[in-house]
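Heads up: the structure comes next, in structure tokens.
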Amino acid sequence: MTSLRIEGLTKRYGNTNALDEFSLKVDSGQFMVLLGPSGCGKTTAVRCIAGLVNPTSGQIYIGDQLVNNLPPKDRDVAMVFQNYALYPHMVVYNNIAFPLKMRKVPKEKIDDKVRNVANLLDIESLLDRKPKELSGGQMQRVALGRALVREPKIFLMDEPLSNLDAKLRTYMRAEIKKLQKKVGITTLYITHDQIEAMSMADQVAIMKSGLIQQIGTPGEVYQKPANTFVADFVGSPSMNFIKCKITEENSGITLESNNIILKIPQSNWDIEHSSENVTLGIRPRDVILLESDDNDFIGIKIKGKILFTELLGDDSLVEVNIGTDTIRVTNIDSNFDPNIGKEVVIGLPYPRIHFFATETGNRLLRKKD
């Protein structure tokens, strides 16, 4: 197995930086997901690694070898594309065998490798079919087989599931993850779908405008987002934010936002900050709808009015208006009456609240962090 290391990669198109000092390390055998919105530079990074695009500056190492000047065929990476890129005039067998034939591998060895890969992917019965006779999921398996048969050092996957329906995407997520663990090939997987990233990755690298915002395990980026962009992008529904002004007194902390006063006792305030402006963040699943007389709740209580409700299968989404802000809530008791216009009290538990510097968007650390 082989590691992948990228150092200070920059790619400019005229005055636009598609990548800006992009650095990333994927350990041997690791499944790394590059997550970000469309246009953030994910595909550019992968195409640079594959040798399909020349970077403006920076270094790309596969193992210990600098590969910047190597042509794509000599980098020993396999790429799986969004559109599968199968040859329509070839049957599945020949599609999978094609990269081996190009390398002039002996016919007997090609046959063994193709059938072994077909068995691994459970597509032996499809070997005589042409791509037009396959479903989307079957075509994706063939594309994976064509990449696997080469036994590459690195797998690069560019949004390979985006053309599949929701049910098949969920199934293929699990299949690709199990396959990668079985074969152990170092993998860099691109997606804009945070559910894909969180369910598949060993590590997630989150991008915005050519820059990496945070790298960590799915749990780390969800529980301790580095900034408001990560907090907003990871998690569905996205995090609630309230911009506040801090006033510190001996009795505690006052957060004021749009004529709403939020009180936090000094004993519960452990945020290191150097500005009077902070942004409070809390995930919808961590907000609690309270009985107005719930005196045992430890956290911030805010009165509001229900604006909107939506059934999300097993869960429900309730939007509550507080001043000029809207708070989304998903942790709903089945007995709760979500009538629009109803006055409610929402609770923000102290340990579940995140704080960010309003000016920079960066996470403010707790004193125990």
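Every number here is computed from the coordinates shown, using simple stated rules; none is lab data. A quick note: this is a predicted structure, and the numbers were derived from the prediction, not measured. Cβ coordinates were reconstructed from backbone atoms using ideal geometry, including for glycine residues, and neighbour counts include every protein chain displayed.
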Inset, instruction - Would you kindly derive the ³J(HN,Hα) couplings of the range 321-327 from the backbone phi angles with the Karplus curve 6.51 cos²θ - 1.76 cosθ + 1.60 (θ = phi - 60°), listing them in order in whole Hz, with x for Gly and Pro? - result: 7, 10, x, 9, 9, 10, 10
Inset, instruction - Provide Val46, Val329 in ascending order of the number of other Cβ atoms located within 10 Å of each residue's Cβ, fewest first. - result: Val46, Val329
Legend entry - the range 1-113 shape via C-alpha gyration tensor axes, a/c threshold 1.5: prolate
Inset, instruction - Enter the angle in degrees (range 0 to 90, nearest 10) between the Cα long axis of helix 92-102 and the first principal axis of the Cα atoms of the chain, meaning the one along which they spread out most. - result: 70
Legend entry - Mean projected area in nm² (Cα convex hull; one quarter of hull surface) for the range 235-369: 8.8
Inset, instruction - Grab the other residues whose beta carbon is less than 13 angstrom from that of Leu211, score K and R as +1, D and E as -1, and report the net. - result: +1
Inset, instruction - Mind pulling the angle between the C-alpha long axis of helix 107-120 and the longest principal axis of the chain? Nearest 10 degrees, somewhere in 0 to 90. - result: 30
Inset, instruction - List Val53, Val33 from most exposed to least, where exposure is judged by having the fewest other Cβ atoms within 10 Å. - result: Val53, Val33
Inset, instruction - Mind giving me the FRET efficiency for Ile340 and Lys245? R0 is 35 Å, r the Cβ-Cβ distance, nearest 0.05 is fine. - result: 0.70
Legend entry - 3J(HN,Hα) from dihedral phi, the range 352-366, Karplus parametrisation 6.51/-1.76/1.60, rounded to Hz, x for glycine, proline: 8, 8, 9, 10, 10, 5, 4, 5, 9, x, 6, 5, 8, 7, 7
Inset, instruction - Kindly identify the range 163-206 as rounded, prolate or oblate by the Cα gyration tensor criterion: order the square roots of the eigenvalues as a ≥ b ≥ c, call it rounded if a/c is under 1.5, otherwise compare a/b with b/c, prolate if a/b is larger, else oblate. - result: oblate
Inset, instruction - Go ahead and set up a Gaussian network model of the chain, Cα springs under 10 Å, then flag whichever of Glu108, Glu343, Glu133 fluctuates most. - result: Glu108
Legend entry - Which of Asp76, Asp64 has the fewest Cβ neighbours within 10 Å, and the rest in rising order: Asp64, Asp76
Legend entry - Under 5 Å, built H, 5+ apart or other chain: amide partners of Gln213: Ile206, Met207, Lys208
Legend entry - Those residues of the range 213-244 whose amide nitrogen sits under 19 Å from the label point placed on Ser38, 7 Å along Cα→Cβ: 233-234
Legend entry - Crossing angle, helix 136-148 versus the chain [Cα axis fit, 0-90 degrees, rounded to tens]: 60
Inset, instruction - Looking at the range 4-233, send over the antiparallel percent of its DSSP beta bridges, to the nearest 5. - result: 50
Inset, instruction - Starting from the range 75-170, pick out the trypsin sites (Lys or Arg not before Pro) whose DSSP state is loop and whose Cβ has at most 10 other Cβ atoms within 10 Å. - result: Arg103, Lys104
Legend entry - Projected-area mean, the range 161-240, by convex hull of Cα positions, square nanometres: 5.9
Legend entry - Tail beyond 28 Å, pair distance distribution of the range 4-233 (Cα, percent): 31
Legend entry - Ellipticity estimate at 222 nm from DSSP helix runs (n ≥ 4, -39,500 (n - 2.57)) divided over the chain, nearest 500: -7000 deg cm²/dmol
Legend entry - Amide H contacts of Lys342 (H built 1.01 Å from N, under 5 Å, at least 5 apart or other chain): Ile306
Legend entry - Cα→Cβ-extended label distance, 7 Å offset, between Gln223 and Tyr87, nm: 5.0
Inset, instruction - Collect residues whose amide H, placed 1.01 Å from N in the peptide plane, falls under 5 Å from the amide H of Leu365; neighbours closer than 5 in sequence don't count. - result: Glu272
